[in-house]
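Written below as structure tokens is the structure these notes are about.
The values are calculated or read from the model by the stated rules, or taken from the named source; none is laboratory data. Quick caveat: nothing in here was measured; it's all calculated off a predicted structure. Glycine also receives a Cβ, built like all others from the backbone with ideal geometry; neighbour counts cover every protein chain displayed. With ligands, DNA and RNA removed, areas are computed over all heavy atoms of the protein, side chains included. Shrake-Rupley method; radii C 1.70, N 1.55, O 1.52, S 1.80 Å.
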Amino acid sequence: MKKKIVILNGSPRPNGNTKTLIDQFTSGAESAGHEVVCFNLSQMNIHGCLGCCKGGKEQNSPCVQKDDMLKIYPAYQQADVVVLASPMYYWGFSGQLKSAFDRLFAVAELDADYRNPVKECALLMASEGDSEDNFAPVKNSFESLLQHLGWKNAGVVYAGGNMNIGDILSKPHQLQAARQLGSSI
């Protein structure tokens, strides 16, 4: 069955290792017949959440802030799968990804009980460190997020040992893992 996939790219590097993972994932997903749209968050005007809890009044514009999230909301609302893509910054997601994801709460505010739309979710993460211990904080954060949202884990690619732009190109197993995850959705 064809699925709609939204990728939130939290990397500030337009052609970095995270983007390479995204490209491989997208190739796999499109080869399986899925529709993929990627938002490069660092190139968008997205403000942090105000915590005002005053959203949810307009379906097409759920947040009180009117910035580039207006481009993301419709795709997010229609998506079957959300892919979080980020380099690891201080054992967590990038600020760009965190800001955009926090703003998705406005969509939950459309529901009287603040229920988030149920999605599948995947994670693509590039990092310098390449150990289980290195990825443990992100793994915990990702799994906790899915548990609290009631979302299904569609898969994870942790791509360690990638500090400099292009490092990932010498790791075909990481590229294949991202492509395979995309085709398996």
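Just the residues that are in a loop (DSSP other than H, G, I, E, B) and either acidic (Asp, Glu) or buried (at least 19 other Cβ atoms within 10 Å of the Cβ) (or both), please, taken from segment 1-39. Within segment 1-39, Gly10, Ser11, Gly16, His34 qualify.
For (1) free of Cβ contacts under 8 Å to residues at least 24 places away in the same chain; (2) closer than 30 Å to Met163 by Cα, each residue gets a yes or a no:
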{"site": "Met1", "(1), (2)": "yes, no"}
{"site": "Thr18", "(1), (2)": "no, yes"}
{"site": "His34", "(1), (2)": "no, no"}
{"site": "Glu58", "(1), (2)": "yes, no"}
{"site": "Gln77", "(1), (2)": "no, no"}
{"site": "Ser86", "(1), (2)": "no, yes"}
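Look at segment 112-124: where a residue is in a loop (DSSP other than H, G, I, E, B) and a partner is of a type in the set (Phe, Trp, Tyr), sitting 6+ places away or on another chain with Cβ atoms under 9 Å, you get Tyr114/Phe105; Asn116/Phe105; Asn116/Trp151; Pro117/Tyr76; Val118/Trp151; Lys119/Tyr76; Lys119/Trp151. Note on segment 40-83: residues that are open to solvent by less than 80 Å² (accessible area, probe 1.4 Å) and either among the β-branched types (Val, Ile, Thr) or within 20 Å of Asp111 (Cα to Cα) (or both) total 24.
Among the residues of segment 129-156, those identified as among the polar types (S, T, N, Q) and open to solvent by 50 Å² or more (accessible area, probe 1.4 Å) are Ser131, Asn140, Ser141, Gln147, Asn153. The set of residues from segment 84-109 being within 26 Å of Lys57 (Cα to Cα), in a helix (DSSP H, G or I) and open to solvent by 20 Å² or more (accessible area, probe 1.4 Å) comprises Gln96, Lys98, Ser99, Phe101, Asp102, Phe105. Scanning segment 64-83 for residues being among the basic types (Lys, Arg) and in a loop (DSSP other than H, G, I, E, B) gives a total of 1.
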